[in-house]
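J.: Quick one: structure below, then a few questions.
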Amino acid sequence: MTVPAPSDKALVPFVSVENMMRLVHHIGIERVLTELTDVIEADFKRWELFDKTPRVASHSREGVIELMPTSDGEIYSFKYVNGHPKNMAEGLQTVTAFGLLADVSTGYPVLLTEMTLLTALRTAATSAMAARHLAPKTATTMAMIGNGAQAEFQALAMKAVLGITHVRLFDIDAKAAEKTQRNLEGSGLNVTACATSQSAIEGAQIITTCTADKQYATILTDNMVGAGVHINAIGGDCPGKTELHRDILSRADTFVEYPPQTRIEGEIQQMDPDYPVTELWQVVTGQVEGRKNDKQITLFDSVGFAIEDFSALRYVRERVRGTSYFQPVDLIADPDDPRDLFGMLQRAKD
């Protein structure tokens, strides 16, 4: 018996890792990062329209597995993502992810995609978007403390969006810094690998911390941070994991994505519940001033939020439309008669 062909509704565009890489190279990585930055900022400007909830997390001794859902009332999205620092020693990625978009009016999925690469891109774009509002306008140098899988994306986003020309690297594993320096050759950035975190931040107007260990750590101490810098803290992203000494937070003006999530997972988990923070969307919409003067220390306590994934997913959906950078996947059972799912199954018998 001939199996009925899937309907158009049953076929969901799927962007594989291979096609995501093809898409990025087709567009150009710096252009992707710039466009993603603008898309994320546009969604931050309509922040109040979105459903918002802290991510649903399943913690273990080995790491965490999370679901990150949101909706703007027309499109629903979620991302599955893990964080397992121990994986690196086993030759595995610390973070893997995939995500989905669905039509709210029908509940039918409209996009399924890898998000390991896309999460790296959207994280870097979010950092650049925040820095565009919070970093010194004359910033030319970024220190990158922690040179793992995110490092190159962060550097290129700051170059593409803010015009950074110099990157200073430090990692406790010198091979990680060597990897990052090698990967950024030919990018137009002046890249220096440093022997200590202290030497890496010398002369930097932007300091990005992105380390993986799931522990209360002090990557930056108070005496290391001078006036006027912008700190982009993206490594502290789960309970029990921080990178900054709390005295730095006492001196800084801190900006966050979604306080109910950040107070659990971010640098501010170290602080009292009434520690003052500003939601970044309020700066983006012009309701609150971001950087006020040249002496101010600004801190973006970034843990990653579902709206950023929503932005990245809708960006990919638009970018692959009418291209060959996806494949249709027969994902949804969609019988001609919606009451006859069993009949559809029976008609598929050999």
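J.: So which trypsin sites (Lys or Arg not before Pro) in the range 61-165 are both in a DSSP loop and have at most 16 other Cβ atoms within 10 Å of their Cβ?
T.: Arg61, Lys137
J.: Taking every DSSP beta bridge with both residues inside the range 231-350, roughly what % is antiparallel (nearest 5)?
T.: Here the share of antiparallel DSSP bridges comes out near 10 percent.
J.: Quick one: net charge around Ala143, please, counting Lys, Arg +1 and Asp, Glu -1 for every other residue with C-beta under 9 Å from its C-beta.
T.: 0
J.: Oh, and also: Along each principal axis of its Cα atoms, how long is the chain end to end? Whole angstroms, biggest number first, please.
T.: Result, largest extent first: 74, 44, 39 Å.
J.: Which whole-Hz ³J(HN,Hα) couplings does the range 153-164 yield from phi under the Karplus relation 6.51 cos²θ - 1.76 cosθ + 1.60, θ = phi - 60°, glycine and proline marked x?
T.: Result, rounded to whole Hz: 4, 4, 4, 5, 5, 5, 5, 5, 9, 10, x, 4.
J.: Another question, then. Can you pull out the GluC sites (Glu not before Pro) in the range 233-323 that DSSP calls coil and that have at most 14 other Cβ atoms within 10 Å?
T.: Glu289
J.: Let me ask you something else. Which loop-located trypsin sites (Lys or Arg not before Pro) does the range 306-341 contain, where loop means any DSSP state but H, G, I, E or B and the Cβ has at most 10 other Cβ atoms within 10 Å?
T.: Arg339
J.: With unit charges on the beta carbons (Lys and Arg positive, Asp and Glu negative) and the dipole taken about the Cα centre of the range 147-247, which residue among His245, Ala157, Gly235 sits farthest to the positive side?
T.: Toward the positive end, the furthest listed residue is Ala157.
J.: As a check on your grasp of the helix formula, calculate [θ] at 222 nm for the chain: sum -39500 (n - 2.57) over DSSP H runs of n ≥ 4, divide by the residue count, round to the nearest 500.
T.: Rounded to the nearest 500, it is -9500 deg cm²/dmol.
J.: From the C-alpha gyration tensor of the range 130-304, pull out the three semi-axes of the equivalent ellipsoid (sqrt of 5λ each), sorted largest to smallest, in whole Å.
T.: Rounded to whole Å, the semi-axes are 24, 19, 14.
J.: So, how do all the Cα-to-Cα distances of the range 1-55 break down into 10 Å bins, in percent, from 0 on up?
T.: Calculated P(r), rounded to whole percents: 17, 24, 32, 18, 7, 1.
J.: Enter the per residue convex hull volume of the range 1-128, computed from alpha-carbon coordinates, in Å³ rounded to the nearest integer.
T.: Cα-based convex hull of the range 1-128, divided per residue, equals 178 Å³.
J.: So if I take the alpha carbon set of the range 74-228, get Rg, then get Rh from the Kirkwood formula, what is the Rg over Rh ratio?
T.: Across the range 74-228, the Cα-based Rg/Rh ratio is 1.02.
J.: Below 24 Å Cα-Cα, how many Lys pairs turn up in the chain? Only count pairs eight or more apart in sequence, or on different chains, if you could.
T.: Total qualifying Lys-Lys pairs in the chain comes to 25.
J.: Please list the equivalent ellipsoid semi-axes of the range 77-150, computed as the square roots of five times the alpha-carbon gyration tensor eigenvalues, in descending order and whole angstrom.
T.: Semi-axes, largest first: 29, 22, 7 Å.
J.: Additional query: Could you please report the charge total around Leu156, scoring K, R as +1 and D, E as -1 over all other residues with beta-carbon less than 12 angstrom from its beta-carbon?
T.: 0
J.: Evaluate the Kirkwood expression for the hydrodynamic radius of the range 295-350, namely the inverse of the mean inverse distance over all pairs of different C-alpha atoms, and round to one decimal in Å.
T.: One over the average 1/r among Cα pairs gives 16.2 Å for the range 295-350.
None of the figures in this text is laboratory data; all of them are computed from the coordinates on show. Since this is a predicted model, take the numbers as computed values, not measurements. Reconstructed Cβ throughout: ideal geometry from the backbone, glycine too, with neighbour counts over all protein chains shown.
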